[in-house]
1. Quick one: is Thr234 in a loop (DSSP other than H, G, I, E, B), buried (at least 24 other Cβ atoms within 10 Å of the Cβ) and modelled with pLDDT of 95 or more?
2. Show the residue pairs meeting these rules: Cβ distance below 7 Å; 6+ apart or different chains; first residue within region 352-375 and assigned by TED's automatic domain parsing to the domain that holds Trp126; second residue modelled with pLDDT of 95 or more and crowded, with 20+ Cβ neighbours inside 10 Å.
3. Considering each of Thr515, Thr535, Thr491, Thr501 in turn, give the residue that is of a type in the set (Val, Ile, Thr), surrounded by fewer than 22 Cβ atoms within 10 Å (Cβ to Cβ) and either at positive phi or not in a loop (DSSP other than H, G, I, E, B) (or both).
4. Can you tell me which of Leu140, Leu109 is closer than 28 Å to Thr213 by Cβ and out of contact with any Gly (no Cβ under 7 Å at 6 or more places or on another chain)?
5. Among the listed residues Gln523, Gln547, Gln552, which satisfies the condition of being in contact (Cβ under 8 Å) with a residue 24 or more places away in the chain and either touching a helix residue (DSSP H, G or I) at 6+ places or on another chain (Cβ under 8 Å) or over 16 Å from His446 (Cβ atoms) (or both)?
6. Please work out if Arg92 is closer than 22 Å to Lys291 by Cα, in the same structural domain as Gly136 (by TED's automatic domain parsing) and either at pLDDT 95 or above or under 27 Å from the mean Cα position of the chain (by Cα) (or both).
7. Just checking, which of Tyr113, Tyr72, Tyr87 is crowded, with 19+ Cβ neighbours inside 10 Å, out of contact with any His (no Cβ under 9 Å at 6 or more places or on another chain) and within 25 Å of Ile149 (Cβ to Cβ)?
8. Of everything in region 141-173, what is over 24 Å from Gly119 (Cα atoms) and surrounded by fewer than 22 Cβ atoms within 10 Å (Cβ to Cβ)? Give them in sequence order.
Amino acid sequence: MKKKTILLTLAAAAAGLTLYEHRRNQKIPTIAANTPRAYDIHIHSFLAALENGTPFDPALLDDSLLFIHKRYDCSDFLANSIIRALYAYPDRIDDYRSGLKERLRRTLLDFKYHWDQNGSDSLCTWSENHQILFAGLEYLAGHLYIDDIFTNSGRKGTYHKERGKKRILDWCERRFRFGFTEWYSNNYYLESLVAMSNIEEFAPDPDVRHAMTQILHMIFFDMATQSLRGSFVTTGGRMYENNKKSARSGSMMNRVIAHAFDIEVADEAEPFNEELTLMTRDMDLNFILNKSYRTPEVLKLIARDTAAAVIRASNSIDIDEAVARGLFGPLDSQLAAQWEMEAWTNPPVIAHSMRGITRNNMLCSEFFAPMKALNLTILKPFYGSLSRLLSPLTDGKATQRANTYTYRTPHYLMATAQNYHPGGYSDQQHIWSCLLSDDVCVFATHPSGELQDKGALSKSPGYWVGNGRNPHAMQHENRIMAIYHLPNKKTAFESAVHHYTHAYFPFDKFDRSLTLPHIACGQAGESLVALISATPFVRADNDELKQYGEHQFWICECSSTDSETFAGFVERIKRQSPSFDGYCLTYGELTLCWRGDFCVDGAVQAKQHKRYDSPYCQGEREADVYVYEFAGERLEVAL
């Protein structure tokens with residue numbers, strides 16, 4: 001009887017505590033990440049006026065400074081242009097209005113530089129690009145105002161400088177060892193590059209400047225090997241719809257590439273997606289106006305090379321590997337390594353995430369509001385088990401190790417994240433891509449239901465962004481094979497399940513095209529492309545093909561008029577007879593089995609790559625030195 005009474009008492013106490021915690025969590029306000037109105041952002045274009053000494057109305061800065069003051073998400077984008085203005089043009093700022101320089105100083109002194117600092121907000125401080133943006137700001141602002149008290153923290157600039165410096169060096173170490181988690185992103189590479197450029201040019205410490213210079217070499221090597229005549233659209237860790245569909249109007253890197261590699265690129269067309277807005281327009285001036293960094297000649301030569309080449313690489317790290325090596329954990333530095341790849345709810349790390357989120361008052365963020373329901377003492381021992389049981393869609397946010405395969409020729413660039421978690425979710429990952437010109441791209445995805453229809457969680461995954469379920473995709477030279485196994489029910493947090501895949505095939509942009517029941521062929525200039533489906537597809541509109549079926553595939557093959565005519569290409573593709581039993585797909589000498597081997601002429605192909613494996617560089621993961629070589633030029637990269 002006594003034991004029963006004790007058990008009942010404990011059960012009542014647990015129920016009471018759980019009810020209290022539930023009500024407490026419900027009272028935590030959710031702070032919007034986005035603005036309630038459109039803000040007119042001109043802080044980036046102010047840099048051009050300062051550089052050129054041209055007129056500029058300082059009243060145009062009011063919205064930019066108010067945006068930062070209210071700590072809306074992406075405030076760090078704007079604050080980095082303030083840092084450049086204060087370092088590069090300190091004597092010109094007040095020429096536009098007396099007291100403007102002081103107003104910029106107060107903005108930085110009141111800023112929040114890391115997730116553990118004072119203030120409730122929905123700032124995204126954790127992703128790879130945001131981490132270096134915030135760390136660079138804290139370091140450079142701390143040095144600039146070394147003896148001033150930062151009003152948000154009550155600490156002097158010396159404190160902030162040292163904190164920022166450590167995070168910068170840690171971030172550089174992870175990039176050097178494993179590459180970028182937001183691999184080859186023609187959106188997020190710009191945002192990282194803004195901070196990297198400012199740190200490289202203005203860092204007072206030689207060790208910081210040296211480290212950042214090396215990582216600048218590495219990011220430009222990525223762009224040099226993954227672009228075609230200056231057009232940078234390839235497989236990527238984090239890409240939106242416009243980023244995938246066109247280099248001309250979707251890549252944010254056009255002016256950077258033109259400046260860094262001395263390559264003429266097409267003028268930017270009118271953007272067709274909200275990612276290219278005043279928030280980021282002219283943000284690339286933070287690199288273009290850099291007076292210190294000069295792209296090494298070998299990288300320029302690699303960027304201009306169009307000889308047929310296979311380029312393999314490895315970027316980021318898998319969660320299981322990172323956990324096994326102690327890289328992820330509850331410490332701030334471990335959370336930084338985990339969160340930069342957006343690993344939140346995956347079974348091995350969800351407990352660390354919840355501890356870090358609650359410790360740092362982040363449940364008020366719109367990004368984490370759904371996790372309030374997990375902030376219960378009774379659930380803490382079971383976080384990992386709950387994650388495994390629910391297998392939530394948010395597991396796909398983690399940009400894990402990508403073993404990329406790129407085939408670049410004078411006429412096209414094809415790229416694939418090989419064997420990237422087949423059947424898993426992807427939030428913004430672009431698994432395979434075919435680039436024919438600056439404005440003609442071809443790819444396929446399995447559409448995903450969005451987490452929410454509006455707000456901070458509404459953009460991805462989505463109809464063209466990420467994948468509801470990843471394909472098993474592999475590539476050999478000019479052929480990509482992608483098998484899709486579609487689900488028959490929703491998973492946790494998934495709003496819908498689409499029972500089809502679809503391909504982006506922009507008919508209006510091709511010089512000529514032809515469709516058959518399960519084949520689409522197109523010619524753009526001298527480039528030829530074919531898409532082959534498992535079952536007859538439906539042409540949904542001028543750029544979309546839909547294919548239905550539980551088990552299906554897309555095959556993409558490219559060629560050029562250097563070797564065959566369009567008519568000859570079509571006839572050759574028609575003669576191909578892919579064999580598919582729902583699990584194994586054979587196409588010529590290529591065979592791919594779902595979650596199994598990929599064979600070329602019967603030889604099993606490697607699924608994991610070295611850090612670099614190409615004509616331009618050979619290097620293992622975590623080497624001490626990498627050497628980029630081409631056309632008689634050579635560059636050593638080492639921290």
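The values are calculated or read from the model by the stated rules, or taken from the named source; none is laboratory data. The model shown is predicted, which means the values in this text are computed figures rather than measured ones. Virtual Cβ from ideal backbone geometry, glycine too; neighbours counted across all protein chains shown.
1. Here the answer is yes, as Thr234 does meet what is asked.
2. Matching pairs, first to second residue: none at all.
3. Thr515
4. Leu140
5. Matching residue, one of Gln523, Gln547, Gln552: Gln523.
6. So Arg92 passes the test.
7. After ruling out the rest, the residue left standing is Tyr72.
8. Leu169, Asp170, Glu173
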